[in-house]
Amino acid sequence: MKFPRFVRYAIVCSFVLGDFAGLAAQSTAFRAPQYQAIRKQLMHGWGTWDSRNILAQVFLPDDVDLNIAFKQTDWISNDYLNTALIGRSDPEAEQVRPGLHALDGSYSEFALKWKTLDVKVMSAVVGGDNGKGAGTDMVMLIEPVHASSLPIEMLVEAGMLWNHPGSVSRQGDFLQATTKSHVFRIYTTGHPIVDPYAQTATPYLAVDLTQPVGISTGRVRSVAEIRAILSRQRARVVSRANSYGNLSETYLAMESVLAWNTIYEPKYDRMVTTVGRIWNRDYGGYCLFGWDNFFLAYMTSLYSRNLAYANFIEHLRSMTDAGFIPNDDRGNGTKSWDHSQPPVGALMLKEIYKRYPEKWLLEVSFPDLLRWNRWWFQQRMNEGLLSYGSNLAKNPYNAPDTHTKITAGYESGMDDSPMYDGVPFNGQKNTLELQDVGLNSLYIADCKALEEIANLLGRKADAAEIAARREKIQTAMASLWNPGVGFYLNRRTDTHAFSSVVSPTMFYPLTARMVDPSRAEEMVHRHLLNPAEFYGQYMIPSVARNNPEFSRQRYWKGAVWPPLNFLVYLGLRNYGLFSVSSDLAQKSNAMFLNGWRTKGIICENYSAITGAGDDPRLSSDRFHSWGALMGIMSMIEAGKMPAPEAPMPQPVASTP
C-alpha cells in the first residue's frame, strides 16, 4: 500500500516523536469532564463497596461503614468474625456462597457458614436505585438457616472509612453516624444486650442471634417491613433479568459476579470492577490485570454505561511510563514494569462503543491505545514478527522474577502454557525465541480496531500509520501458515522450526479477520471440530487433547479458559461460522451455569474433562469475574449485545 507524501511524513514523525497526547507519563483520560461527572454519579449510595469485607455496607461518598460481626462462645473461649470474603480456600475459614447482587448496590444476598454459624444475609436500599441517587436508607436481614449449637452474638458496628471526616456514637438503642451532609441512624430489631468484651473499637450494638435480626437506617422497621423491602428490591432485579428470556439466569449470574467484585478504590477515589476480592487483598488493596480488566469493562456494558466507561478509563490509568498496559497494577504501588499482556483494549473499546456510541470515549482513550500499539512494534519485534517478552526495568520491590522467561510467559496471559515449554528467553532481544501466532493475530486485530476508531475521529494520518504496521505484520504472518497441517503455527527463532504445540490461540487469525474464507473453514474443520484436538462437550481446552500435557488440566495445561473461548468465538462470528459459534456459546454457558446453580461458583477456568470449575486437578479461583465471559457469548447469540462482526456506528449525542 502506497501512501501520499503528507501521510508518509506523518508516519515518520509519529514514530520519532510519538503521539503528543500519548507523551504524558501517565494516562490523562480520567481527567475528561464527561468521565468526572460519571465518576461522581457512580460513587453514591449504599453497597458492598469495601473490597476487604462483604459483611460491610458502605454509604458513598460519605464513607459511612455499617458492619456486622459474629461472636461464638464455647466453654473456654470466644471466636470472632468481623470480616468475610468469597472464595477463601482455608476449610477453617468462613465459607460464603454468593447469591444475587445488583451492580448498583440496590440488592444483595449471600449465605455464610462459620463454625456453628449458618445464616443468610440480605440487603437492599430503600425506595430506589443507588445509581440514580435515590435512597439514603438501607435495610439488612440476618436470618439463621440452622440453629447454632453454641451461643452466637451479632454485633452491629458503625464507623468512618478511609479517613473521611465524621463521627459515630451510640445513642441509647441506636447508632448514629454524622457527616457533613448526612446524619445516619442505625437500628436493629433485636433487643440490645450488654457485652463489654466485644472485640470492636467503634460504637456497636450487640444482640443474640437466635432468630432473624433486621437492621435499618433512618428509622425503626420491623422484620416484616424489612422482608417486604427486600422482596420488592429482589423482584426488581429478577424482573430486569426476565426480559432476557431463557438467558435470565445467565444475566443474573453474570451481574452477580461482576457486582460482588465491584469496589470503591480509595487510593484514586474511583469505582472499579476487579477480578476478585482475594486478589485485591493479596495485592495491597486492589489489582487491575492487563487483559482481564478490558474484558470486565466490556461485560459491564451489558448492565451499565457508566460503570463500563469507568472500568475502561480507569484501566488506562494503569499505563506505565514506557507506554504499555502492564500485566498487573497493584494497590501496594507495584506494577509489572517489565511486561505487558495481550493487546485487547482497542477491541473491547470498539465493542463498548457499539453499545453506547459516544465519540468522547473514543477521543479520550485513543492516544493511550495508540501509544500501546506503537510499543508492541518497537519493543517486541523479533525477526519480522512479534514475540512475547520482558524488558530490563526498575524493580524497587525486589520482585523475584523480572526480565526472565517466566515474566515473558506472564505477558502472554497464558503463563505456563505448553507452547512455551523448552523455548528459551533471549535477554538481548528481550523476547522468547518464538514468533507467536496468537500475539501477532491480536496485534493485527488491535490495529484494525484502532484504524476504525482513528477514521471515525478523523485522524487520517494516525490511521495510515497504524495500517502500515498492520500490513507489515500481516504480510509476515503468511510465513507461519503450514499447508500440511492446515494451521498457522508458532515458529522458533532459534531453530527456525515450527512448534508442534497447538492451542486455541492458533484460531486468533480468525479474530483478526486476516485469512481467506476457505482457509478459515479448513482451520475450523480440521482442528476446532476435531475431537482429538479441541472439540468435545467441554471446550475449548487450552492445549490440544492429544498433547501429553492435556491430562494434567492444571492451569494452562489443558483447562478451559474463558478469554480463549471468547476470542475464538469472535473469530468464528467474523467468518459467518454461526453454527460453530452457537455451539461454542451454548457449551460455555452450560459450564458457567452449572457451577453457579450447584455451588455458587464462577470460575477462573474449567476442566476440559469434567466441565467443573472446582475439579481438583485445576488451579482455579472459584469466584473470578472473567468467568462471566462464558455467558456473554450467549448474550451476543441472542442479540442482547452488538454483533462483533458489525461495523462501528456513527456517534450519537452524549447523555449525562
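Things worth noting here:
- Here the chain is assigned +1 on the Cβ of each Lys and Arg and -1 on the Cβ of each Asp and Glu. Its dipole about the Cα centre then comes out at about 1380 debye.
- Charge tally around Y286: other residues with Cβ under 14 Å, Lys/Arg +1 each, Asp/Glu -1 each, net 0.
- Simple label model, 7 Å out from Cα along Cβ direction - T116 to T598, nm: 3.3
- Dipole of the chain, positive end: most advanced residue of T250, F623, Q41 [Cβ charges, Cα centre]: Q41
- Straight Cα distances below 18 angstrom link K640 to the aspartates and glutamates E249, E255, E351, D583, with same-chain residues fewer than 8 positions distant left out.
- Modelled label reach - W481, point 7 Å along Cα→Cβ, the stretch 503-535 residues with backbone N closer than 18 Å: 506-528
- Among L439, G413, I473 - extreme Cα towards positive end, dipole of the stretch 384-483, charges at beta-carbon: I473
- Shown is the FRET efficiency for R170 and Y80, computed with R0 = 22 Å from the Cβ-Cβ distance and rounded to the nearest 0.05: 0.70.
- In this calculation the C-beta distance from K472 to D269 is compared with R0 = 51 Å, giving a FRET efficiency of 0.75.
- Rough spin-label spacing in nm, given labels placed 7 Å along Cα→Cβ, for L150 and D415: 3.5
- Contour excess over end-to-end distance, with Cα ends at K394 and K180 and 0.36 nm allotted per residue: 72.7 nm
- Across the chain, the mean sequence separation of Cα contacts (distance under 8 Å, 6 or more residues apart), normalised by length, yields a relative contact order of 11 percent.
- Label-point separation, R240 to K640 (7 Å along Cα→Cβ), nm: 1.3
Read-outs throughout are calculated quantities, based only on the coordinates presented, and are distinct from any laboratory measurement. No experiment lies behind these values; they were computed from the predicted model shown. Neighbour counts are summed over all protein chains in view; Cβ atoms, including those assigned to glycine, are modelled from backbone coordinates with ideal geometry.
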